[in-house]
1. Could you give every pair whose Cβ atoms fall below 8 Å, whose first residue belongs to segment 303-314 and is closer than 16 Å to G243 by Cα, and whose second residue is aliphatic (A, V, I, L, M) and in a loop (DSSP other than H, G, I, E, B), counting only separations of at least 6 or pairs across chains?
2. Please state which of the following conditions G83 fails to meet, knowing it meets all the rest: (1) open to solvent by less than 10 Å² (accessible area, probe 1.4 Å); (2) at pLDDT 95 or above.
3. When you look at G288, is it open to solvent by less than 30 Å² (accessible area, probe 1.4 Å), modelled with pLDDT under 95, farther than 19 Å from V88 by Cα and assigned to a loop (DSSP other than H, G, I, E, B), yes or no?
4. If a residue has to be open to solvent by less than 50 Å² (accessible area, probe 1.4 Å) and over 27 Å from K334 (Cβ atoms) to count, how many in segment 181-201 make the cut?
5. Among the residues of segment 190-205, write down those that are outside any helix (DSSP H, G or I) and under 13 Å from the mean Cα position of the chain (by Cα).
6. Does L55 satisfy being assigned to a strand (DSSP E or B) and under 22 Å from the mean Cα position of the chain (by Cα)?
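The values are calculated or read from the model by the stated rules, or taken from the named source; none is laboratory data. This is a predicted model, so every value here is computed, not measured. Ideal geometry is used to build each Cβ from the backbone, glycine not excepted, and the neighbour counts take in all protein chains shown. What goes into the accessible areas is simple: the full protein's heavy atoms, side chains included, and nothing from ligands, DNA or RNA. Shrake-Rupley method; radii C 1.70, N 1.55, O 1.52, S 1.80 Å.
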Amino acid sequence: MDFVDSCGPIPSEAGCARPSPVPWCAPGRQAAIEAGTATLAQLTTLGVGGKVKELVVATTEEQIIDTVRAADAACQPLLVLGGGSNIVASDDPFDGVVLIDNRRGIRVPDESACGGATVSVVAGHPWDDFVCEAISRGWAGAEAMSGIPGSVGAAPVQNIGAYGAEAADILALVTVWDRARSARRMLPLADLKLGYRTSVLKRSLTDPNAGGGQTWGPTGRYVVLEVQFQMMHATRSAPVRYGQLANHLGVEIGERVSSAALREAVLDLRRSKGMVLDYSDPDTASAGSFFTNPIMSEETAAALPEEAPKFAVQNHSLLDSVTGTGPQIKGQIKSSAAWLIDHSGIGKSAKAPGSTGRATVSSKHVLALTNRGGATAQEVAELSRYVREHVRATYGVSLVPEPVAVNVAL
């Protein structure tokens with residue numbers, strides 16, 4: 001089934017209300033694309049970035065592959081965009097090709113009562129539209145990731161996740177264009193080497209081993225074309241794994257609720273943190289959670305204050321669908337980036353010393369860095385460095401920025 005791009009409110013499906021407006025309709029975005037004058041500031045949710053030398057809006061897989069091959073043959077920089085929700089781009093002009101995957105479409109190659117649903121989604125499809133469709137069709141496993149902006153193609157790259165769920169829980173297969181081999185390939189779950197907010201797709205940006213002997217950027221070796229999910233038939237959610245979400249729902253960890261109810265609870269929590277896109281709210285002019293939760297050794301975690309959050313790290317690629325838990329990764333502890341930032345003394349609405357205040361920490365959640373209007377990429381980068389240095393000086397923990405940096409040092 002195909003979905004039409006729209007800048008208006010999206011109607012509710014049975015049991016699933018969709019937020020409005022949709023990410024694709026940042027003010028001036030569509031007009032600038034049609035005029036061929038779009039800047040990366042207009043193509044990203046953070047709203048920073050310079051002019052684009054060449055912009056291609058692809059509506060077919062063949063067009064995507066042809067554009068990537070031509071850019072690589074000409075040794076031009078390539079940036080593939082979905083929703084632009086995880087990008088911090090330099091204010092300087094981007095001297096290369098920006099490729100927007102504007103495809104929409106979900107198909108179901110196989111669906112059975114016992115085996116569940118095999119669902120294939122083109123990479124350009126809006127992630128939250130897919131989540132909403134899954135809930136409406138009775139496919140379980142994605143509901144806790146409601147409201148995450150961006151496209152389906154980003155899901156395996158970042159191994160996106162929220163409220164105890166990760167894309168790894170439901171991923172089965174990713175179809176990619178392999179730039180190193182100049183070939184279309186299918187990568188099964190084991191080959192993706194998924195970890196917390198990472199994958200072999202993402203590591204190819206900076207790791208020559210993942211990149212086939214070289215590094216790639218700002219788009220990695222693998223351009224995602226289609227993502228296949230394996231999902232259970234259920235109108236009840238996967239087990240609730242996140243304490244804040246369980247409290248909001250009034251249930252215990254491990255309980256299940258209706259998928260639609262869990263979605264609404266997740267959206268409520270995300271809205272309270274400025275994490276559901278709303279172009280009238282400057283707190284949502286961000287790249288979402290700017291820092292990943294730090295994963296550290298048991299020895300480093302032991303040096304943190306006793307009250308600091310400390311969680312075992314689970315392998316979501318081996319998740320038990322009944323219990324909602326996976327095997328623990330020995331020797332690794334995850335803490336909370338938000339807790340470390342907040343308790344280091346950097347509060348909501350904080351800004352870097354001496355800055356204009358156009359780039360600040362969100363007024364709703366310390367994990368988001370926001371563009372209050374007219375901020376430059378350099379101002380966002382200065383704020384990122386200020387937060388990182390403050391946390392490192394206080395706790396000895398180096399926070400890792402989550403967004404993809406395009407010609408800017410975070």
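1. What qualifies is K310/L304.
2. Here G83 meets the rest and fails (2).
3. It is false that G288 is open to solvent by less than 30 Å² (accessible area, probe 1.4 Å), modelled with pLDDT under 95, farther than 19 Å from V88 by Cα and assigned to a loop (DSSP other than H, G, I, E, B).
4. To start, the set of residues in segment 181-201 that are open to solvent by less than 50 Å² (accessible area, probe 1.4 Å) comprises 183, 187, 189, 192, 194-201.
Remaining after also requiring over 27 Å from K334 (Cβ atoms): 183.
Matching residues across segment 181-201 total 1.
5. Hits for segment 190-205 are Y196, R197, T198, S199.
6. Details: assigned to a strand (DSSP E or B): yes; under 22 Å from the mean Cα position of the chain (by Cα): no.
When the stated conditions are applied, L55 does not pass them.
Yes or no, residue by residue, for (1) modelled with pLDDT of 95 or more; (2) among the β-branched types (V, I, T); (3) over 20 Å from E226 (Cβ atoms); (4) not in a loop (DSSP other than H, G, I, E, B):
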site	(1), (2), (3), (4)
D2	no, no, no, no
P19	no, no, yes, no
A32	no, no, yes, yes
T37	no, yes, yes, no
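Yes/no matrix, rows are residues, columns are (1) among the basic types (K, R); (2) in contact with a Gly (Cβ under 9 Å, 6 or more places away or on another chain); (3) crowded, with 20+ Cβ neighbours inside 10 Å:
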position	(1), (2), (3)
K334	yes, no, no
A337	no, no, yes
D342	no, no, no
K348	yes, no, no
